[in-house]
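Worksheet: one structure, shown below.
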Amino acid sequence: MSFHVIIPARWASTRLPGKMLADLAGKPLVVRTAEQARLSNADSVVVATDHEPIAQAVREHQLEVIMTDADHPSGTDRLSQAARLLELPDNAIVVNVQGDEPLIDPGLINHLAKCLTDNPDAAIATAPRASWIPR
């Protein structure tokens, strides 16, 4: 099963601006999220951001980052641009992991990718409750 994780991470959070760089046990929140996503079976994990300090923090932790436009109305739009910039094929499976999910279960990421692999006509999948994930 081949899939990619893209983590949208914008600077201008309306409720907590700059939260992607909030310190979480010595590392920025978005870095913790990307590290957790790397524990999945994804072929790649990329943080998509519009803010150079976020990109720099990600790079400092040897994680992949791509710069996107600042004017995206949603994280999905940011993912779409990132997928284009990464030159992912149109049929690539991309799992959207929000930048503020440092405790996401890597098994959940794998489960979503499998759901999309098993249902090629599906364009999107939503995570079920974690207790539904087979172990």
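What to note about this one:
- Every residue from segment 73-88 that is crowded, with 18+ Cβ neighbours inside 10 Å and over 16 Å from HIS4 (Cβ atoms): none
This table checks each residue for (1) of a type in the set (Lys, Arg); (2) closer than 14 Å to PHE3 by Cα.
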site: LYS19; (1), (2): yes, no
site: PRO53; (1), (2): no, no
site: VAL65; (1), (2): no, no
site: ASP71; (1), (2): no, no
site: ILE109; (1), (2): no, yes
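- Condition check for VAL31: on the phi < 0 side of the Ramachandran plot and in a strand (DSSP E or B): no
- Selected residue (criterion: modelled with the lowest pLDDT) from residues of segment 61-83 that are among the acidic types (Asp, Glu) and over 19 Å from ILE93 (Cα atoms): ASP71
- In segment 32-60, of all residues being farther than 24 Å from ALA92 by Cα and of a type outside the set (Gly, Ala, Ser), the one that is surrounded by the most Cβ atoms within 10 Å (Cβ to Cβ) corresponds to ILE54.
- All positions within segment 77-87 that are of a type outside the set (Gly, Ala, Ser) and free of Cβ contacts under 8 Å to residues at least 24 places away in the same chain: ASP77, ARG84, LEU85, GLU87
The values are calculated or read from the model by the stated rules, or taken from the named source; none is laboratory data. Since we're looking at a predicted model, the values are computed, not measured. With ideal geometry, Cβ positions are generated from the backbone for all residues, glycine too; neighbour counts draw on all protein chains shown.
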